[in-house]
Amino acid sequence: MDLQDDSNQNQIGDLKIRTVSLSDMNRLYYIEIHSFKSPFSMETLSKLAQIPNIIYLVAEIKQFIVGQIITSLRANEAHIISIVIDKDYRRRGFGSILLKKTIEKLHEKKITKLKLEARVGNKSAISFYEKFNFKPVKTKISYYSDGEDALEMVLNL
């Protein structure tokens, strides 16, 4: 899969990866509330879309948003705040493409480490990240608002 680079959007067949727009918030909020136990509010998603040190990408098919990835940058490290694909579009490689595109952008910015947290009970997410060579580094006790622990994972870039 070759991504034709234009700094704000890329197309792979019918799938397009681009920078988020505030006009995307209703659809992204819908995906959030149908995917997470503790979803971000629409206000939080909108604020994240406007922060300069955030890489916020969306995946869309024929102008229909199917997923997002939100990554914060600080010094030479990055942190995936959220990655999600609409439940009706999962297991088609869209999450992998979003993550690969984010990693490309991090390489361009000379970022050397990418971190994230995954619920310890979310074995499919942990397996997904392990395929990208993320390594577990520690468990964060009661990290989530419902008390579930998080597994912190790191990828050296």
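Since every read-out is calculated from the coordinates, none of them should be taken as a lab result. Keep in mind that what you see is a predicted model, and the values were worked out from it rather than measured. Every residue, glycine as well, gets a Cβ built from its backbone with ideal geometry; the counts of neighbours run over all protein chains shown.
Taking the range 77-91 only, how many residues are surrounded by 14 or more Cβ atoms within 10 Å (Cβ to Cβ), not in a strand (DSSP E or B) and not aromatic (Phe, Trp, Tyr)? Number satisfying all stated conditions: 2. Only one of Lys105, Lys110, Lys47 is loosely packed, with under 14 Cβ neighbours inside 10 Å, in contact (Cβ under 8 Å) with a residue 24 or more places away in the chain and under 25 Å from Arg18 (Cβ atoms); which? Result of the check over Lys105, Lys110, Lys47: Lys110. For the condition free of Cβ contacts under 8 Å to residues at least 40 places away in the same chain, closer than 15 Å to Thr19 by Cβ and either not hydrophobic (A, V, I, L, M, F, W, C) or not in a loop (DSSP other than H, G, I, E, B) (or both), Gly121 does not qualify. Filter the range 31-44 for residues that are touching a residue at least 24 places away in the same chain (Cβ under 8 Å) and surrounded by 14 or more Cβ atoms within 10 Å (Cβ to Cβ); which is nearest to Ala75 (Cα to Cα)? Once the filter is applied, the top-ranked residue is Phe40. Taking the criterion of being free of Cβ contacts under 8 Å to residues at least 24 places away in the same chain and either touching a Leu at 6+ places or on another chain (Cβ under 6 Å) or farther than 18 Å from Leu45 by Cα (or both), the residues of the range 71-95 that qualify are Arg74, Ala75, Asp88, Arg90, Arg91, Arg92, Gly93.
So His107 clears everything in (1) more than 15 Å from the chain's Cα centre (by Cα); (2) farther than 19 Å from Pro52 by Cα except one condition, right? Which one? The number of the failed condition is (2). The C-beta contact set for the range 129-142 (first residue touching a residue at least 24 places away in the same chain (Cβ under 8 Å), second residue part of a strand (DSSP E or B), distance under 6 angstrom, 6+ apart or interchain) comprises Tyr129/Met153.
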